[in-house]
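Colleague: Provided herewith is a single structure, encoded as structure tokens, for subsequent inquiry.
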Amino acid sequence: MLQRIFSTFPSGRPGAGLLLLRGVLGVTLLGQGTEYLLKWHDLTSLMGAAALVLIAISALLLVGYLTPLASILAGLASLSSAVPVISGPASSLLAAKPAVAFAIAIAAALFFLGPGAFSLDARLFGRREIVISNSHPPSDL
């Protein structure tokens, strides 16, 4: 089941590229959530919940844990910032439509490509080498 969720865990330059994509999207969402929290005098309960969700998603992306789920949530969070459901700060990191499109494209790429070798997902759910010894246990018969 988990092998179907995580397609591959590339290392080397492809893994570094996936780490870079996770880092860029994670830092962007972390900045967006922090910006919501810093405007505490205008903070509503819905905006506070959105800030905490953005910070949680960014933490998942930055460490590379449950990356397919986190990338779907990141894409939806980026899309929701384009549609003014929550009245956030005027100086938003995702205020421009191209920034939202780039964030959604990065989230989709992470969903389709997987977390990469430099992630907690790879450490927990990556391929394992199973060594079967050739020796037989002594028989008591």
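The values are calculated or read from the model by the stated rules, or taken from the named source; none is laboratory data. Quantities reported herein were computed from a predicted structural model and do not represent experimental measurements. Don't worry about glycine lacking a Cβ; one is built from the backbone with ideal geometry, like all the others, and counts go over all protein chains shown. Areas reflect the complete protein model, heavy atoms only, side chains present, ligands, DNA and RNA absent. Shrake-Rupley method; radii C 1.70, N 1.55, O 1.52, S 1.80 Å.
Colleague: Out of (1) surrounded by fewer than 18 Cβ atoms within 10 Å (Cβ to Cβ); (2) within 23 Å of residue 10 (Cβ to Cβ), what's the single condition that is false for residue 52?
Modeller: (2)
Colleague: Report yes if some residue within the range 50-59 is out of contact with any His (no Cβ under 6 Å at 6 or more places or on another chain) and modelled with pLDDT under 90; otherwise report no.
Modeller: yes
Colleague: Here is a follow-up. Are any residues in the range 103-136 open to solvent by less than 50 Å² (accessible area, probe 1.4 Å), farther than 23 Å from residue 31 by Cβ and assigned to a loop (DSSP other than H, G, I, E, B), and if so, which ones? Break it down stepwise before answering.
Modeller: Within the range 103-136, the first condition is being open to solvent by less than 50 Å² (accessible area, probe 1.4 Å), and the residues that meet it are 103, 106-110, 114-117, 119, 121-122, 126.
Narrowing the set further to residues that are farther than 23 Å from residue 31 by Cβ leaves 114, 117, 121-122, 126.
The answer is 114, 117, 126.
Colleague: crowded, with 19+ Cβ neighbours inside 10 Å, polar (S, T, N, Q), modelled with pLDDT of 75 or more and not in a loop (DSSP other than H, G, I, E, B), is that true of residue 71? Don't jump to the end; show me each part of the working.
Modeller: Details: crowded, with 19+ Cβ neighbours inside 10 Å: yes; polar (S, T, N, Q): yes; modelled with pLDDT of 75 or more: yes; not in a loop (DSSP other than H, G, I, E, B): yes.
Against the criterion (crowded, with 19+ Cβ neighbours inside 10 Å, polar (S, T, N, Q), modelled with pLDDT of 75 or more and not in a loop (DSSP other than H, G, I, E, B)), residue 71 qualifies.
Colleague: Also, I was wondering about something else. I'd like to know if the range 29-40 contains one or more residues that are free of Cβ contacts under 8 Å to residues at least 24 places away in the same chain and open to solvent by less than 50 Å² (accessible area, probe 1.4 Å).
Modeller: No, the range 29-40 contains no residue that is free of Cβ contacts under 8 Å to residues at least 24 places away in the same chain and open to solvent by less than 50 Å² (accessible area, probe 1.4 Å).
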